[in-house]
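The structure appears right after this line, and notes come after that.
Each value in this text was obtained by applying a stated rule to the coordinates, not by laboratory testing. Remember, predicted model here, so these are calculated numbers, not experimental data. Using ideal geometry, Cβ is built from the backbone for each residue, glycine included, and neighbour counts are taken over all protein chains shown.
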Amino acid sequence: MTETAAPGLAAPAQTDVSHRVSHTTTDWWRSAVIYQVYPRSFADHSGNGVGDLRGIIDRLPYLSDLGVDALWLNPFYCSPQNDAGYDVANYYEVDPLFGSTRDAEELIIRAHELNLRVIFDIVPNHTSIEHAWFRQALLTAPGSAAWNRYHCVRGLGEDGSRPPNDWRSVFGGSGWSQILDPDTAEPTGWWYLHLFDATQPDLNWDHEDVRAEHEQVLKFWFDRGVDGFRIDVAHGLVKSPGYPFSGESDRVLGVADDVPVLPQWDQPGVHDVYRSWRRLADSYDPPRVFCGEVWVSTPEAQAQYLRPDELHTAFNFHYLKTRWDAEHLRETIDHSLATADSVSAPCTWVLSNHDVWRHVSRLAPENPQGNQDLSTGMARARAASLIMLALPGSAYLYQGEELGLPEVLDLPAQSRQDPIFARTDGAALGRDGCRVPLPWTAQPPTFGFNSTGQSWLPQPDMWGELSVETQLRDADSCLSMYRQALALRADESIFNEGTLEWLSSPVDTIAFRRPGRDSVIAVMNLSDEPLTWMAQKLLLASSSQVTAEPSTQNHALGLVVTLAPNTAAWVRE
Ligand code: TEU
């Protein structure tokens, strides 16, 4: 296949796919690096201002050259886009905003040609209000059979004018909306549950239609070659019977918060669903895989979803939430590895995604003027990512983190589309700041995102210096670090094996060895002082703020590696 250069980019170097986890490795998911593509902001082939599937196809060579093993695409199915596609109206059709079903099938084929696996997204907790099931229910009296696929419950009070209980929406406000009479538009005293936006009615997973239909959706895309699914809100499908009050406070759940134990989440019945889905995935050759979005209170609770007859992996949000603190980081890594190991599952590591502040900004301290110190944030993010890629298990990269993109905090209110912003009347900014379209070239106003100059969210001026084009030319860029780390990770078999051994290191630093034929040591300096480390060879540094000089002593390890504050390195002893 001749590789064409993506618009605005030089033709990529001949892609060497030999080093990647081979396509025939059925347990590729145990150590893969999976790149999250947020289709609406990745690349816009059609020029309508929103990214699309052909934009992803155009840039598959970029992803292959980056060195990732697989892609995860956020939803692109038919949807009114009230929650950026997480309000699905029809799984069997690609929304025209993103292209066609044929484009999706071609994307899978072209990715496989580059030995990239493809994971789609499934959203089983709820549908869109425009899904055929909900539209059918709206035409019938509340409480009738058509409503049984959802949570349709009589309200409290004589006239049912109060919600059935105190369950909240993750996006703010009540988790219930009252059903109106289809003819008179009068309140009926019946309510439907929506743990997210009011346009995302929760499905009733006790209903056989709901279970059967979702397995049909899995088969439809498995049969078209997709290698697996990321499961949205995997912890939410089954609700506690009788809708007991939860005592939940009225606040928007943020990523920094500890996830409370509530009756609407993480119920035991959910595991039957995934045991059935696992049987279906295992019936394919090669077997298909699942990664669950499981926002639960502890790693132990998450491990229940990773038993050998359930999901293969789940996002390790406990690692994502770790503070810039050596002891907390060490504890979280050990805790994560131990709980995943308790069910023979691999650990996953993730620092950013489409729901949380980008980690350049999350790790940026405030400067004396009270603003974000993005320079330190970038240094810390590069170091944290280098350490993440040295950990045993699989890692998820969110599009643009390889460019060191920060959270965009000053988007104009009128451009924001996250329902969290609207439902909280702007009290919570929501998630648009981590969803700004990517910069491919240094040319404003859309920096190579498309050629028409419009994008669904405005891109900041700094996108030019952070663009792919700019960073490909800079050996010390963030992008260059990711490319080198992924190439080394693929070539050094030790990263696919075993666990890690902590090494003693000064306070506010961490160091661990990945044992193997030629063991590698990963070191990170979270302190405010330089750290020196003796080594034979400096394999990779998080930035040029890590230097190496021959030792003047006749030390067995001939190299003195000096790590400035907020840097990391891979070395060989
Ligand atoms: O997110 C589920 C979810 O719980 C997150 O919203 C998380 O709790 C919160 O954002 C942390 O700050 C999934 C999708 O990732 C998200 O984009 C969707 O909006 C949501 O489900 C509804 O489908």
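What share of the DSSP beta bridges in the chain is antiparallel, in percent to the nearest 5?
The answer is about 65 percent antiparallel.
Fully extended, how many nm does the chain gain between Gln369 and Glu573 (0.36 nm per residue separation, minus their Cα-Cα distance)?
Here the segment from Gln369 to Glu573 would lengthen by 69.2 nm.
Among Ile34, Ile56, what is the fewest-to-most ranking by other Cβ atoms within 10 Å?
With the fewest neighbours first, Ile34, Ile56 line up as Ile34, Ile56.
Counting other beta carbons within 10 Å of each residue's own, what order do Val261, Val468, Val153 fall into, fewest first?
Val261, Val153, Val468
What net charge is computed for the residues neighbouring Pro565, neighbours being all others with C-beta under 11 Å from the C-beta of Pro565, Lys and Arg scored +1, Asp and Glu -1?
-2
About the Cα centre of the range 299-361, how large is the charge dipole given +1 on each Lys and Arg Cβ and -1 on each Asp and Glu Cβ? Please answer in debye to the nearest 20.
Values: 5 positive and 9 negative charges, 51 e Å.
Roughly 240 debye, rounded to the nearest 20.
Which residues' amide hydrogens lie under 5 Å from the amide hydrogen of Ala548, considering only partners 5 or more residues apart or on another chain, with H built in the peptide plane?
Amide H neighbours of Ala548: Thr562.
Which value, in debye to the nearest 20, describes the size of the charge dipole of the range 132-193 about its Cα centre when Lys and Arg Cβ atoms bear +1, Asp and Glu Cβ atoms bear -1, and nothing else is charged?
320 debye
Please list the non-local residues whose amide H lies under 5 Å from the amide H of Trp190, H modeled 1.01 Å from N, same-chain partners needing a gap of 5 or more.
Excluding prolines and chain starts, which carry no amide H, the hits are Gly155, Ile179.
Would you please give the FRET efficiency between Asp476 and Glu158, computed as 1/(1 + (r/R0)^6) with r the Cβ-Cβ distance and R0 = 60 Å, to the nearest 0.05?
0.30
Which one, Ser527, Gly498, Thr552, projects farthest toward the positive side of the charge dipole computed for the range 458-552 from Cβ point charges (K/R +1, D/E -1)?
Toward the positive end, the furthest listed residue is Gly498.
Please determine, in degrees from 0 to 90 and to the nearest 10, the orientation of helix 208-222 with respect to the longest principal axis defined by the Cα atoms of the chain, where the helix direction is its Cα long axis.
Tilt relative to the chain: about 40 degrees.
With a 10 Å Cβ neighbour count serving as the proxy for reagent exposure, in which order, fewest first, do Trp176, Trp357 appear?
Trp357, Trp176
How high is the FRET efficiency between Asp325 and His112 when r is their beta carbon distance and R₀ equals 51 Å, given to the nearest 0.05?
0.80
For the chain, what is the mean residue ellipticity at 222 nm derived from helices alone (per DSSP H run of n ≥ 4: -39500 (n - 2.57); sum divided by total residues; nearest 500 deg cm²/dmol)?
Estimated from H runs of four or more residues: -6500 deg cm²/dmol.
What is the sum of charges around Lys239, taking Lys and Arg as +1, Asp and Glu as -1, for the other residues whose C-beta is under 12 Å from the C-beta of Lys239?
Charge balance in the 12 Å sphere: -3.
Which of the three applies to the range 132-193, rounded, prolate or oblate, going by the alpha-carbon gyration tensor with a ≥ b ≥ c and a/c under 1.5 meaning rounded?
oblate
Quick check: pseudo-label points 7 Å beyond the Cα along Cα→Cβ at Arg275 and Glu529, how many nm apart are they?
If labels sit at Arg275 and Glu529, their model points lie 5.6 nm apart.
Using 0.36 nm per residue, how much length does the chain from Ala301 to Ala556 gain when fully extended, once their Cα-Cα distance is taken away?
Roughly 87.2 nm would be gained on extension.
Where both partners of a DSSP beta bridge lie in the range 132-193, what percent of those bridges are antiparallel, to the nearest 5?
Expressed as a percentage, antiparallel bridges in the range 132-193 total about 100.
Would you kindly derive the ³J(HN,Hα) couplings of the range 545-553 from the backbone phi angles with the Karplus curve 6.51 cos²θ - 1.76 cosθ + 1.60 (θ = phi - 60°), listing them in order in whole Hz, with x for Gly and Pro?
7, 10, 10, 9, 10, x, 5, 7, 8
How large is ³J(HN,Hα), in whole Hz, for each residue of the range 86-101 in order, when computed from phi with the Karplus curve 6.51 cos²θ - 1.76 cosθ + 1.60 and θ = phi - 60°, using x for Gly and Pro?
My calculation for the range 86-101 gives 7, 10, 8, 9, 7, 6, 8, 10, 7, 5, x, 4, 9, x, 10, 4 Hz in order.
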